[in-house]
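Student: Got a structure for you, written out below as structure tokens; questions coming shortly.
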Amino acid sequence: MKKTLLAGLGLVLGLTSFAAAETVTIYSGRGETLIAPLIKQFEAETGVTAEVRYGGTSELATLLLEEGAKSPADVFWAQDAGALGALSSAFADLPAEVNETVLDAFRNDANKWVATSGRTRVLVYSTERVKDDDLPKNIADLTNEKYKGRVAWAPTNGGFQAFVTAFRLTKGDETVKAWLKAMIANEAKVYRNNGTQIDAIANGEVDFGLINNYYLGRYTARDAEFPVGQTTFAAGDIGNLVLVAGAGIVEASDNKENARKFIDFLLSPAAQQFITLQGYEYPVRTGIIPHATLEPLEAVNEISPKVDTNTLGDLEATLNLLREVGLL
Amino acid sequence: MTVLATFTRAGRTPSPPLLLVVPALVVGIGTLLPVFYLLMRALDADASQLGEIVFRQRNLFLLLNTLKLVAVVLTLGTLFALPAAWLVTRTDIRFKGLLSFLMALPLAVPGYVMAYALLGLSGYYGFARQWAGISLPPLHGLWGAGLALSLYTFPYLFLNLRAAFLGMDPALEESAQSLGKSRLVIFRHIVLPQLWPAMVASWLIVGLYVIGDFGAIALMRYEVFSYAIFTQYSGAFDRTYAAWLSLMLLALTVVALSAQRAVTRNRRFARTGTGSARITRPIGLGRWHLAAWAFFALVVLCSLGLPLMVLGHWMRLGVPEAEWAHLGRTALGTFLTAGPAAVLTMVLAVPVVVLTLRHPGPFASLIERLAFVGYATPALAFALAMVFFALRNAPFLYQSYALLMFAYVMSFVALAFGPIRLALLQIGTRQEEAARALGVSPTTAFMRVVLPRLRRPMVAGSLLVFIMVVKELPITYLLAPMGYSTLAMNVFSRTNEGMMGDAAPFALSIILFSSLFVGLILKYEGSAARAAGK
Amino acid sequence: MRMTDNILLSVRSLTRRFTSSGPAVVDDLSFDLDAGEILALIGPSGCGKTTTLRMIAGFETPDAGRVLLSGRDLTSMPAEQRGIGMVFQDYALFPHMTVGENIRFGARRKGREMVARYLGMVGLDGFDQRYPDQLSGGQQQRVALARSFAAEPRLILLDEPFSNLDAALRSAARREIRRLLKSAGIAIVFVTHDQEEALSFADRIAVMRDGRILQNGAAHEVYDRPADAFVATFLGRTNLLEGTAEGGFVRTSLGLLPLTRPASGRVSISLRPERLGIRAVEADEQPNGRIVAVEFKGHDMTYWVDCNGVEVQVDAMQSIRLAEGTPVCVAVDGEAVPLGDSKQ
């Protein structure tokens, strides 16, 4: 009898302590290797236990859509604006003050999500086979005979698709379609993602690649001799587009308070500094020491086209266009 | 009267026992769930979009590419597997055990690691450039993807062909020889027709795998049908048109299943004689020894040497940080899920195979086909179906180990059919009938007379499933309980971020641990054929 | 159908088709078996004899008809509840069990002495620890029998029991096993396509063709008085002759012969070669035939004799030796059997 009572008490206590434990469930499209230390720091700072499901941004986005109102997720942290846009309906509204902490250029006007870092589209090239005067001035140059069969791209990649979306919104569908067709005619080679394009340049398969800015640093940090360089196009060219990674609170969450704690943490100076230095990305707030190997954000903002990041979630027309020209 | 003729007749009992029907229903329902899910999603489609996304010329082109790839993989795989299986079962080549082990081991290599290995041969960091100073042309496209896939799927063909060789009555070959036929003629007219069912069955398994694979193929920059499905899910976050495309893939699967039945109709594995399988006098290779060894050396170098070299290379490039504790935990966690999943698969596979052999009919063949459909369902769609049904009907199961294992079992159960089927055909029904004539119920007869002799093929089959589960990715990604990660997930996420050095220890442990189990498969699978001989 | 109180097994109108539209493999088959009796089902391969055996055992479900054991209807009873033993052509010993374990498997009584007793019965004392693959074919067969005996059935079915034994072993095994079965009082239905085996092993023979029983009777009766040409030729060699019958006699190319039963008009008759006598013609005797071929078979000889354009076989003992071409007299020693129409 006594034993049963004690066991019952233990059970109740156990349950209580379980219920009292502060947790937050995060679906992270960002890789574990980069993010894990940040999660640890969050747990240490807030006492909230973070349960993280890592996966590809797109797989997790699909999973969230499938889970719908029954999703166990509190926060979705995505690699690209396309996924964030596609999930707008699944996100809870963020208080306006959240977006007020980030720089103007990165703000989400709808307050559905908040940018957690910035990155830019860049051109990578072979330092062995490309002379400085051979570098293209803008993306239109890449359709020249001179670049025939030498350029890599990744049509399934979220960053590339965001670039096409921005391109469409600034120049119109017809121009983009013409450019895509010209690139195909110029034998641009399809790769799976950003990293494989860098490999392909090093391997001598191609000489140029259209990727995000933060990949090459991981190679050059380990091997100073790595034969791939990174550059931008002429000021204002769409090829210099600024993109964001961001996070939102899932509408289905019954734990929005802790979700908010995590978002706030991501925007905190410490986290921003970590992402900047470890991830080779741009911080979304002021007062962060920039990465030494990256061009300062001010310079980037100067040469990048003026495109509202809020509009980059409009994927549908982009996908239709890519399908029409046979890239998807 | 042949063993087989009795086999089909023996089953003419009015209705199969519940002990067979219930597991079969579980398999049937479990594998039908994804089909239901896909049909349901497909109904949301908009007719005009359908034309643009699903019924367009590009998909036909992709489908054609898929078929080309299947043809290349099966051809290359057979070119590796058939001579190897023949050499280790029929000739006087030495170290047969070791050679069989080496031929089966590439099964443990994850597909994208194999792709990286082939790419690594030629690349900037490639061995060719680093060690020999030559730049090889990169291996891309159809042949690159075909080679990569065949290099880690051929062991499956090898294991099946080896078992078929071992189970074949050598007297047939000898009598053909006594009729004055040359070795080549005997091989073409006696051996090959007998191998045919085993060959076609393993072609089906490998072919369906190729149709569904995405990782290795994408790295090889070859566009196939699964690419269209992946693009739809991941590019467009769309589940409706992806469902249409997945259903098209399943239709292809059903066609393949029917084709398999058509080409193997009236042909069976088993020896029909009543004598025991004698050990034939091995064929002396003579001066062909050198050629045989060169063949094995080449296959081992490509299928094992390259991946191991690329992993060693990655480890040298970036010294991995001390993640040993994490590695150990992950390995243990992986095996603790894969192990029970493999055992459970076998528990369900045995009744289904018994049902198809002993109670043939529309129900049995439906269940068997559904199991293959489950195996062929694109993994992402399979996982989403589990998410859908679990959240609606059993939310407490969502993201639990139970659901994860259920998904593994349902998608791999077809893999376990082969070894059990072969063993059951070789055992025949006579002994069970003899037991029943001695007054024992059919269930007891099966348990006491047949099951003890199925132990080996069951172990072999579950180890096969085990290895597949260890390498599995999409289902694990979507259904794993919070905080659970497998070795394969760690390899994939690290390679995906270009952190090859960090990925290498995880990939290496997959190969090393799996190699233990491959060794066990051979130990059990090889003697199964002999045990069933009498 | 016989009316005995002693009937053990009754098979009534068994019918089985493998395809719904195809021909019946077993077609309206009926017979009875007394306790302790040995019945041979004999016929060419494909005549339905094994299927019949499997329906009696319960491994095959009949489309129509009944199987009764001591008057109890077994037709829908599972095999294991019928109390009918079966020994398969390939013996179906359990290869992963020892001889002792095989025998214990279905035994009514357990225990060591039991195994020893049954092994002793089949002459395999001390074999209980062996595995089946360590035994010769004959030994395996005897283990299979011992295993069946141990379950103490009243009826055992044997499927081609001697076909896996070599010729030298066969006749000895037959005598040995017949003695065993008779002393145990177990009834047997066995299937064979070997007439010698059927005649020497069985008390009664049922000759089957196309799923039907053509003739069912005591072994000597079926041999001596075959019902039709098929039975006559299937059970040993015979001379089939045409003739015109009138009452108890028939006129043939061999002359006027007595009949086993009266008939009239055109009839076919069967005359076993051993029922014919042969001798060289004596002086100024008219021969009724000429030897066209001689087969020397050791203790006896077979002559092929042309009798007025009809060739007949004559079996004769060694004592007479006649050469090819010799004019001879062929005489009939016994009665000719008038045959019914063979069913096609």
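Student: Just the Cα atoms of segment A:133-232: what Rg and Dmax do they give in Å?
Tutor: Taking only Cα atoms of segment A:133-232, I get Rg and Dmax of 13.6, 43 Å.
Student: Then there is this: Which whole-number percent is the relative contact order of chain B (Cα, under 8 Å, 6+ apart)?
Tutor: 25
Student: Then there's this: Can you tell which of C:SER136, B:MET40, C:ALA35 lies farthest toward the positive end of the dipole of the protein assembly as shown, using +1 and -1 charges on the Cβ of basic and acidic side chains (Lys, Arg; Asp, Glu)?
Tutor: C:ALA35
Student: Using only the alpha carbons, work out the radius of gyration and Dmax of segment C:1-114 in angstrom.
Tutor: 16.3, 53
Student: Within 10 Å of each Cβ in peptide B:228-240, how many partner chain Cβ atoms are there on average? Round it to a whole number, please.
Tutor: Averaged over the peptide's residues, the number is 6.
Student: Can you compute the charge dipole magnitude of chain A about its Cα centre, using +1 on each Lys and Arg Cβ and -1 on each Asp and Glu Cβ, nothing else charged? Give it in debye, rounded to the nearest 20.
Tutor: Numbers: 30 positive and 42 negative charges, 115 e Å.
With only Lys, Arg, Asp and Glu charged at Cβ, the dipole is about 560 debye.
Student: Ranking request for peptides A:101-111, C:86-96, B:83-93: highest mean number of other beta-carbon atoms within 10 Å first, then the rest in descending order. If you can, show how the numbers build up before the last one.
Tutor: On the way: A:101-111: 17.4, C:86-96: 23.1, B:83-93: 20.7.
In decreasing order of mean packing, A:101-111, C:86-96, B:83-93 become C:86-96, B:83-93, A:101-111.
Student: Using the Kirkwood radius built from alpha carbon pairs, what does the Stokes-Einstein equation give as D for segment B:354-393 at 25 °C and 0.890 mPa s, in µm² per second?
Tutor: 211
Student: Which net charge results when you count Lys and Arg as +1 and Asp and Glu as -1 among the other residues whose beta-carbon is under 14 Å from that of A:TYR191?
Tutor: -1
Student: Karplus couplings for segment B:68-75 from phi (6.51 cos²θ - 1.76 cosθ + 1.60, θ = phi - 60°), rounded to Hz, Gly and Pro as x?
Tutor: 4, 5, 4, 4, 5, 5, 5, 5
Student: For segment A:171-299, what is the relative contact order in percent, using Cα pairs closer than 8 Å and at least 6 residues apart in sequence?
Tutor: 14
Student: May I have the extent of the alpha carbons of segment B:331-380 along their three principal axes, as whole Å values ordered from largest to smallest?
Tutor: Extents along the principal axes, in whole Å: 43, 25, 9.
Student: Tell me whether segment B:22-68 comes out rounded, prolate or oblate; compute the Cα gyration tensor, take square roots of the eigenvalues as a ≥ b ≥ c, and use a/c under 1.5 as the rounded threshold.
Tutor: Numbers: a/c = 7.23, a/b = 1.66, b/c = 4.36.
Judged from the Cα gyration tensor, segment B:22-68 comes out oblate (a/c at least 1.5, b/c at or above a/b).
Student: Only four residue types carry charge here, +1 at the Cβ of Lys and Arg and -1 at the Cβ of Asp and Glu. Report the dipole size of segment C:136-187 about the Cα centre in Debye, rounded to the nearest 20.
Tutor: In total the dipole reaches around 240 debye.
Student: Using +1 at the Cβ of each Lys and Arg and -1 at the Cβ of each Asp and Glu in chain C, identify which of C:VAL305, C:GLY243, C:LEU214 lies farthest towards the dipole's positive end.
Tutor: The Cα lying farthest towards the positive end belongs to C:LEU214.
Student: Here is a further query. Sorted by packing (mean other beta-carbon atoms within 10 Å per residue), highest first, where do C:229-239, A:166-176 land?
Tutor: For the peptides C:229-239, A:166-176, the packing ranking is C:229-239, A:166-176.
Student: Given H placed on each backbone N at 1.01 Å, which residues far from A:LYS189 in sequence or on other chains put an amide H within less than 5 Å of it?
Tutor: For A:LYS189, whose amide H was placed from the backbone, the distant partners under 5 Å are A:VAL151, A:ALA152, A:TRP153.
Student: Hey, another quick one. Based on the alpha-carbon set only, what is the convex hull volume of chain C divided per residue, in Å³?
Tutor: Hull volume normalised by residue count: 166 Å³.
Student: P(r) of chain A in 20 Å steps, Cα pairs, percent per bin?
Tutor: In order of increasing distance, the bins hold 30, 53, 13, 3, 0 percent.
Student: What translational diffusion coefficient, in µm²/s and rounded to a whole number, does the Stokes-Einstein relation yield for segment A:36-125 at 20 °C and a viscosity of 1.002 mPa s, taking the hydrodynamic radius as the Kirkwood radius over Cα pairs?
Tutor: Rounded, D is 143 µm²/s.
Student: Another question, if that's okay. As an exercise, find the ratio Rg/Rh for segment B:464-512 from alpha-carbon atoms, using the Kirkwood inverse-distance average for Rh.
Tutor: 0.97
Student: From the P(r) of segment C:276-344, could you give the percentage of C-alpha pairs in the tail past 13 Å?
Tutor: Value for segment C:276-344: 65 percent of Cα pairs lie more than 13 Å apart.
Student: Looking only at other chains, what is the average number of their beta-carbon atoms within 10 angstrom of each beta-carbon in B:390-398? Don't jump to the answer; show the numbers that get you there.
Tutor: Working: counts 2, 7, 2, 0, 0, 2, 0, 0, 4.
Averaged over the peptide's residues, the number is 2.
Student: So what is the calculated 222 nm ellipticity per residue for the protein assembly as shown, using -39500 (n - 2.57) for each DSSP H run with n of 4 or more, over all residues, to the nearest 500 deg cm²/dmol?
Tutor: Result for the protein assembly as shown, helices only: -16000 deg cm²/dmol.
Student: Between C:GLU242 and A:GLN278, what is the spin-label point distance in nm, taking each point 7 Å from the Cα along the Cα→C-beta axis?
Tutor: So the label points at C:GLU242 and A:GLN278 sit 10.8 nm apart.
Student: About its Cα centre, how strong a charge dipole does segment B:348-501 have in debye, to the nearest 20, once Lys and Arg get +1 and Asp and Glu get -1 at the Cβ?
Tutor: 420
Student: Just the number, please: Stokes-Einstein D of segment B:383-534 in µm²/s, Kirkwood Rh from C-alpha pairs, 25 °C, 0.890 mPa s.
Tutor: In µm²/s, the coefficient rounds to 136.
Student: Can I ask one more? Scan around C:LEU214 for amide H atoms under 5 Å from its own, H built in the peptide plane at 1.01 Å from N, and keep only partners 5 or more places away or cross-chain.
Tutor: It is C:VAL207, C:MET208, C:ARG209, by chain and number.
Student: What's the local net charge at B:MET114, with K and R +1, D and E -1, over the other residues with C-beta under 14 Å away?
Tutor: 0
Student: Would you please calculate the Kirkwood hydrodynamic radius of chain B over all C-alpha pairs and express it in Å, rounded to one decimal?
Tutor: Every distinct Cα pair counted, the radius reaches 24.2 Å.
Student: Output the Cα-based Rg and Dmax of segment C:60-162 in Å, rounding Rg to one decimal and Dmax to a whole number.
Tutor: 14.7, 46
Student: With a sphere of radius 13 Å drawn around the Cβ of A:ALA105, what net charge do the other residues whose Cβ falls strictly inside it have (Lys, Arg +1; Asp, Glu -1)?
Tutor: Cβ neighbours under 13 Å give a net charge of -1.
Student: Which whole-number value in Å³ per residue fits the convex hull of the alpha carbons of the protein assembly as shown?
Tutor: Here the figure is 234 Å³ per residue.
Student: Would you please give the FRET efficiency between A:SER89 and B:ARG329, computed as 1/(1 + (r/R0)^6) with r the Cβ-Cβ distance and R0 = 35 Å, to the nearest 0.05?
Tutor: Between A:SER89 and B:ARG329 the formula returns 0.40.
Student: Among B:VAL27, C:VAL294, rank each residue by its count of other Cβ atoms within 10 Å, from fewest to most, as a rough exposure measure.
Tutor: On the way: B:VAL27 25, C:VAL294 17.
Ranking B:VAL27, C:VAL294 by Cβ neighbours within 10 Å, fewest first, gives C:VAL294, B:VAL27.
Student: Using +1 at the C-beta of Lys and Arg and -1 at the C-beta of Asp and Glu, which of A:GLN272, A:ASN310, A:VAL206 has the Cα lying farthest in the positive direction of the dipole of segment A:172-328?
Tutor: A:GLN272
Student: From the phi of every residue in segment A:86-103, what ³J(HN,Hα) in whole Hz does the Karplus formula 6.51 cos²θ - 1.76 cosθ + 1.60 yield, where θ is phi - 60° and glycine or proline is x?
Tutor: 5, 9, 2, 5, 8, 8, 7, 5, 8, x, 4, 4, 4, 6, 5, 6, 9, 4
Student: Something else: Express the relative contact order of segment C:56-197 as a whole percentage, based on alpha carbon pairs under 8 Å and six or more residues apart in sequence.
Tutor: Values: 192 pairs, mean separation 36.9, N = 142.
In percent, rounded to a whole number, it is 26.
Student: Let me ask something else about it. In whole Å, what three semi-axes, largest first, describe the equivalent ellipsoid of segment A:41-187 built from its Cα gyration tensor (square root of 5 times each eigenvalue)?
Tutor: 37, 18, 16
Student: So, one more: Distances over 17 Å make up what percent of all Cα-Cα pairs in segment C:49-93?
Tutor: Value for segment C:49-93 (Cα pairs over 17 Å): 28 percent.
Student: Related question: Quick check on packing: order C:50-58, A:211-219 by the mean number of other C-beta atoms within 10 Å, highest mean leading.
Tutor: C:50-58, A:211-219
Student: With the alpha-carbon atoms as the only input, what is the per residue convex hull volume for segment B:422-494 in Å³?
Tutor: Details: hull volume 8.7 nm³, N = 73.
That works out to 120 Å³ per residue.
Student: A further question on this structure: Considering every residue in B:436-448, what mean count of other chain Cβ atoms within 10 Å of its Cβ is obtained?
Tutor: Values: counts 10, 20, 15, 14, 5, 4, 3, 0, 1, 4, 0, 0, 5.
Counting other chains' Cβ atoms within 10 Å and averaging over B:436-448 gives 6.
Student: Can you work out ³J(HN,Hα) from phi for every residue in segment C:297-311, in order, using Karplus 6.51 cos²θ - 1.76 cosθ + 1.60 and θ = phi - 60°, giving whole Hz and x for Gly and Pro?
Tutor: Those phi angles translate into 10, x, 6, 9, 9, 10, 10, 9, 10, 8, 10, 6, x, 10, 8 Hz.
Bear in mind that the values in this text are calculations on the coordinates, not laboratory data. Nothing here was measured: the structure is a model prediction, and the numbers come from that model. Heads up, the Cβs are rebuilt from the backbone with ideal geometry, glycines too, and the neighbour counts pull from every protein chain shown.
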